[in-house]
Every structure is written in structure tokens, then in C-alpha cells.
1. Need one number for the stretch 102-179: average projected area of the convex hull over its C-alpha atoms, nm².
2. What whole-number value in Å² describes the accessible area per residue of the chain for a 1.4 Å probe?
3. Ignoring ligands and nucleic acids, what accessible area does HIS87 show with a 1.4 Å probe (Å², nearest 10)?
4. Counting only Cα, what are the radius of gyration and maximum Cα-Cα distance Dmax of the stretch 19-116, in Å?
5. Select from HIS43, HIS295, HIS283 the residue whose mean-square fluctuation is largest in a Gaussian network model of the chain (Cα-Cα springs shorter than 10 Å).
6. Nearest 10 degrees, 0 to 90: what angle lies between the long axis of helix 180-191 and the longest principal axis of the chain (Cα atoms)?
7. On a C-alpha basis, how far is the centre of the stretch 87-147 from the centre of the stretch 201-251 in Å? Whole number, if you could?
8. Which entry in [x] 47, 40, 17; [y] 42, 25, 19; [z] 50, 25, 21 is this structure's computed semi-axes √(5λ) of the Cα gyration tensor in Å?
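The values are calculated or read from the model by the stated rules, or taken from the named source; none is laboratory data. What you see is a predicted model, and the numbers here were worked out from it, not measured in a lab. Cβ placement follows ideal geometry from the backbone for every residue including glycine, while neighbour counts extend to all protein chains displayed. Keep in mind that these areas ignore ligands, DNA and RNA; they rest on the heavy atoms of the full protein, side chains included. Shrake-Rupley method; radii C 1.70, N 1.55, O 1.52, S 1.80 Å.
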Amino acid sequence: MTTAYQEHLSVLSHRYEAAMAHFDLDAIVLASGEKSYYFQDDHTHPFHAYSGAQQWLPFTLGAETYVVLKTGEKPTLVWPIRDDFWHAPNPVPSGDWQQNWNIITARKTDKWFANLPKQTAWLGPQAMSFAVAYEGLKAYVDFDKAVKTDFEIQAMRQASIRGAAGHIAAKEAFLAGMSELEIHLAFLKASQQTATQEPYPGIVGLNEHAAVLHYEHKSTEKLSDSRTLLIDAGANEHGYASDITRTFTRHDDDFNALINDLDTMEQKLCRSAMSGVAFKDLHQDTLAGIASLLHEHKICALSVEEQLAKRIPQVFFPHGLGHLLGLQVHDVGGHQADKMGTMSMPDEHAPFLRLTRTLEKNMVITIEPGLYFIPMLLDKMQAEIPNHGCDMTRIQHFMPYGGIRIEDNVVVKNDQPENLTRIAFANQ
């Protein structure tokens, strides 16, 4: 019986053989990359393998690992041997996956590449001198990475389950009055990972910190009046990420009502993520939805149409609706229009939109609308938008709560999308 992993390898082989035929190549080397060091230190940065190499293996790749591809042959894995008594041994992982591979073990000084054909391309960092540069090869293979195989989607289901467990633990820690650091530690413990294993540094913001989009600190101070928790954090399954955001509040008040209405809007957007839909259109729908919330909650007296004309929603929702998700949290190819690397960049109305493609079946995307009370943007609005129609007294009332973001990970389908995040929460 063909396994999901074997089917995954078959899809990748087809994609890369097409690339080799298009660029008249004999071989492609995919390099995981090498460790890098902090300046004047012998301590390394956390290592993340190049996604193009990681995509081929069912476990997390380390440094100095190579995948060699030749048309019509099994892929070859070049596995590093380290004569090292400082660190744990690094054996080749066991398992049925090996039957689909040629495996070579090599020390750093070994010339494993000596017999590679002349027309060999390199994808990844630190290209060796034998490799021939091919303009456009990276874009050619990146474009297809947006459409995930069943093996990849299953990995992201597992990452979602662990991420959801972490979010539930974080909510409990918040309600118990814990600090940002303690909430993050609760998330890590429940999601079974260390901070360096997270697919991206988790964001944990209490109160006004929820209005900082990429809030990077973890305060150790317990607050006597923690009103809001915004947590944006995910988990990792052999390289594949979940990317989940939730906003919690302690009281059943008008800010909680705003969270609930944004959550309803977010779920409607998730259900709209079907093949054939232009993601830019979903973003525009989000701006109209934010305008509607601002009006309904008496934050802005202007109509939806007037708000859109004056760009009021962008004051409260300044980022894009979402992005491709996979081996990279902001996965590659989001602005590509085709394999040739033609770019479709966002326009001035959505300058931070990371995805401009038309959705296809089995793309995995994030849907993450937000509504924030950001002092800098509110000051700019008052200075630059006459007759903005916003109730500044009511805004001042909401500012101590910071803001709201709700983010789910969605598999695009021809009809009903699969919301990995909601399913993971439901099964906890």
C-alpha cells in the first residue's frame, strides 16, 4: 500500500523533474544550511533548515544535510557524520522512509559531491563552487509549494492539535492572573516544545500590549488588573507550522462583545476560503467587515461606504488578512502569479498583504482579522482625516484592552474548507 509519505515524495519528484527539464538540468542539490554564530561567540542561533530541503523528509532536519535529485532516480540523502564528544550523537533516523532513499553518510571534509554531473543547480544557503546558478529556478519550485500534499496537511493537523492545547493552557494561566512569561511557559508545556522549537517566537500580550502587532517581550510582572490576553503562538510538526491567535478577556463586557462579533466575522471569512477566490477580495471583504463592526459598536458613526472611502478601517486593522502557511510561517510564493516568477504585489490599499494569489485546492492559509486601538495610528487619523466620525471618548474606553486578533489555519477546498484550528480546539 502506498503511504501518504510515498505519495508526497512522488508529487515532489514530479515537480522537481519538471523543473530540471525546464532548466535543462542534470541534478539539483537542496542544502539544509549551516549553523550560524552570535557575533564573537561560540553559541549558535537557533537552526531552521531551508524549507526546500526539509520538505522531502518526515523528520526535522539539522545543519549540513543535503538532498540530491536526479531525474529517474531515488533521491539521495547526504547525512552528516560528526566526530564530536561535545554534543549528542546524530544517527540517521530509522523507519520505513529509508526504503525510498539512497543514503550517504559523510564528514564535512568528504567529497560526496565529486561525481555530480556538470549541470547541477543548488537551492539553499552557502552554495558550493560546483553549482551552476539558474535564474528563476527558486521561483519555479516555490510556486508549487503553496499547494500541500496529504502528508503535509496531516503534519499541520498535528501541529494544530498541539498548538490548540497550548492556547487552552495559556487561557487558564491568564484567568489565574499569571504574568506574560508564565502564560508563555504554560503554552510551551502544553504544546510540548521549547521556545526555540516554536515555528515563530510566540506573542503573549496583556492589556495595552495586545495593541502591538508583533509584541516581543514576556513581562515577568503579574498584573492586578489583567483585562485582555492576546496570544499568537503555534507548534511545529517536523517543520510544518500551526499559526494560531486567540484573544481572551476576563469580563463579559462591551469589549468581550466586540471579540465575539469579530470571531463571528472571522469564521465567515474562513468558510469563504474556497478555490477560485482571489485572496485580495477576501481582504477587501474584511475591511468592509471591520467598518461594519466599528459602526455597530458605536466606535465610528460613518457608514461602511464612508469609512472605506476615508480608509478608517485601516486605522484599526492595519495588516493583511493572512498568508500561506507551511514549512515557513509566512510561506514562500505568496506574491507570485506564476512559476516564472511574475510578481503580483499588493496595492496601496493593502500594502502589508502577504498573499495576492487566487486560492487553489489544498493551499493552507491563515485567516487573521484584527481590530486594535493603536495610539500612533489613532493620532495619525485625528491629524490627517477630517470628519473621521470616530468617538474618541469611546475609543479611550477601549484602549486599555489593547486589541483583538483571531487567527485560524484553513485548508482551501472546492467547497467547504477544512478549518484545522477549530477542529483542533473542538477535539481537546
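1. Spelled out: convex hull of the Cα atoms, projected over all directions, averaged, 10.1 nm².
2. I get 46 Å² per residue for the chain.
3. Rounded to the nearest 10, that gives 120 Å².
4. 14.8, 46
5. Ranking HIS43, HIS295, HIS283 by mean-square fluctuation puts HIS43 first.
6. For helix 180-191, the angle is close to 50 degrees.
7. Using only Cα atoms, the two centres lie 37 Å from each other.
8. [y]
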